[in-house]
Each structure stands twice: as structure tokens, then as C-alpha cells.
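A.B. asks: The structure that follows is given in the form of C-alpha cells.
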Amino acid sequence: MRVPASSERYLEVQNSEEFDRLRTTLRRFIFPTTVAFILWYALYVLLSAYARDFMAIKLIGHVNVALIFGLLQFLSTFLIAWYYSRYAAQKLDPLADQIHDGVEGSSE
């Protein structure tokens, strides 16, 4: 029968070097990716607001630069989600599993 870990154990884990490594690894992905996406989105908004002539350029039929930029926003969102899932599987999940096993192992 599994015994739940005590709150003291969770505080110990939270202050551990392994948990700090997990947080650092996560932050190395989250912060740069978030900043890059916000800048990319801001470029789209600013161009839409202040470079209307550029955004109105028709590329193929009725498809203009603004539509392509808008669709690229969706594409970049999906790419970031896909990349995060790979990053998490390779770098975050092993660390989290190691921490979890340590907590579960000390509870029994």
C-alpha cells in the first residue's frame, strides 16, 4: 500500500538541486520562446496597423501578405506546441520522473 508523502518531503523536494534543475530547464525553453512569439505577433499587429499598403499586396489572386502573416501565426503556434512536446519528452520528463521516483521511493 502506498503511503502519501508528507508536506515536509514536498518542501524538501522543492528546495532540492534536482527540482531547481527542472525549473531552470523549463525556463530555458519558456522565456525565449515566449519572447520570440510575442515579438512575432507584435510585428504582425504593427504591420497590420501601420504598413497597410505592404500588408495589402496581393500575392496570388485575392491572397495578400496580411492573410499569409495571419496563417503563419497559426502555423507558428502549432510548431511551438510540437517543439515543446519534444523538448518536454527529452529534457523535462526524465528530470520530473527522477524527482517523482525519489519522492515515491522515500514514502514507502
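A.B. asks: Taking the criterion of being over 30 Å from His100 (Cα atoms) and at pLDDT 95 or above, would at least one residue in the stretch 18-33 satisfy it?
C.D. replies: The answer is no; no qualifying residue exists.
A.B. asks: Quick one: which of Leu26, Leu22, Leu46 is in a helix (DSSP H, G or I) and without any contact (Cβ under 8 Å) to a residue 60 or more places away in the chain?
C.D. replies: Leu46
A.B. asks: Only one residue in Leu75, Leu47 is under 18 Å from the mean Cα position of the chain (by Cα), modelled with pLDDT of 95 or more and of a type in the set (A, V, I, L, M). Which one?
C.D. replies: Leu75
A.B. asks: Next question, about the same structure. Of the residues in the stretch 50-108, how many are small (Gly, Ala, Ser), within 30 Å of Glu8 (Cα to Cα) and surrounded by 12 or more Cβ atoms within 10 Å (Cβ to Cβ)?
C.D. replies: Result for the stretch 50-108: 5.
The values are calculated or read from the model by the stated rules, or taken from the named source; none is laboratory data. Remember, predicted model here, so these are calculated numbers, not experimental data. Glycine also receives a Cβ, built like all others from the backbone with ideal geometry; neighbour counts cover every protein chain displayed.
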